[in-house]
1. Which ³J(HN,Hα) values, rounded to whole Hz and listed in residue order, are derived for the stretch 40-46 from phi using the Karplus coefficients 6.51, -1.76 and 1.60 in 6.51 cos²θ - 1.76 cosθ + 1.60 with θ = phi - 60°, glycine and proline given as x?
2. How long are the three semi-axes of the equivalent ellipsoid of the stretch 47-138, in whole Å, if each is the root of 5 times an eigenvalue of the C-alpha gyration tensor, listed from largest down?
3. Ignoring everything but the protein chains, give the 1.4 Å probe accessible area of Ile78 in square angstrom, nearest 10.
4. At 1.4 Å probe size, put Phe40, Phe66 in order of accessible surface, largest to smallest.
5. Which Rg and Dmax, in Å, describe the Cα atoms of the stretch 66-118?
6. Taking amide H positions as placed 1.01 Å from N in the peptide plane, with prolines and chain starts having none, which residues 5 or more places from Val162, or on another chain, fall under 5 Å of its amide H?
7. Report the full-extension gain for the segment Leu34 to Asp140: residue separation times 0.36 nm, less the Cα-Cα distance, to one decimal in nm.
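The values are calculated or read from the model by the stated rules, or taken from the named source; none is laboratory data. Model, not experiment: these values are computed from the prediction. Side chains are part of the model used for accessible areas, which takes the heavy atoms of the whole protein and leaves out ligands, DNA and RNA. Shrake-Rupley method; radii C 1.70, N 1.55, O 1.52, S 1.80 Å.
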Amino acid sequence: HLRGIDMTVRNRIVSTIKEFKFLDYYLRLIYKKLSRLLNFTKNVKFNNVDFKIPYIYGMQARDSEFWMYELLTYIMSIDDSPVMDVRINTGQTLLKFKSIDRNRQYVGFEPNPNCLFYIKRLIDVNKLKNCSIIPAGLFDSNTFLELILKDSDPLINSGASVIDKFRSDRVPTK
């Protein structure tokens, strides 16, 4: 859309746009680094419902998998049974459930202590009711397993596995 503009002006505009993209990249990078040092709460909409999302050293609930809203709405319309969430992580599915039916009983399973800390805060700041959190994972037998967290940031990592070397950057935690 810069046709017909003097080449010198056009080059300055293109250069300025590139500088802004370059600056935007570094501002995003700085924000990402700083957000890992700061703790704050931000208002965010999940399914057009307001929730407070804690940012705790970079850990946060993100709204993704938008296709899930329609599926959950359908499943929850069948009856009013409690919903179960295996591997809560940072509460994305919890917020989806509660955006559809805030009073429905929710039962979540989560073995990662980092996620348990985060999810407790998420439930508290949003004053969510009827939430039962079970600090355990599900497995095909009754046993204790070693939880493997990501090595790069084990204190705030929301990812984990019980499978040895599932990802090469994970180390066991006791």
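1. 7, 10, 10, 7, 9, 9, 10
2. With the √(5λ) rule applied to the stretch 47-138, the semi-axes are 20, 15, 12 Å.
3. Taking all protein chains as shown, Ile78 has close to 110 Å².
4. Values: Phe40 70, Phe66 130 Å².
So the residues, ranked largest to smallest area, are Phe66, Phe40.
5. Rg, Dmax (Cα atoms, Å): 11.4, 34.
6. Ile148
7. Working: separation 106, 0.36 × 106 = 38.16 nm, distance 4.09 nm.
Taking 0.36 nm per residue and subtracting the Cα distance, the gain is 34.1 nm.
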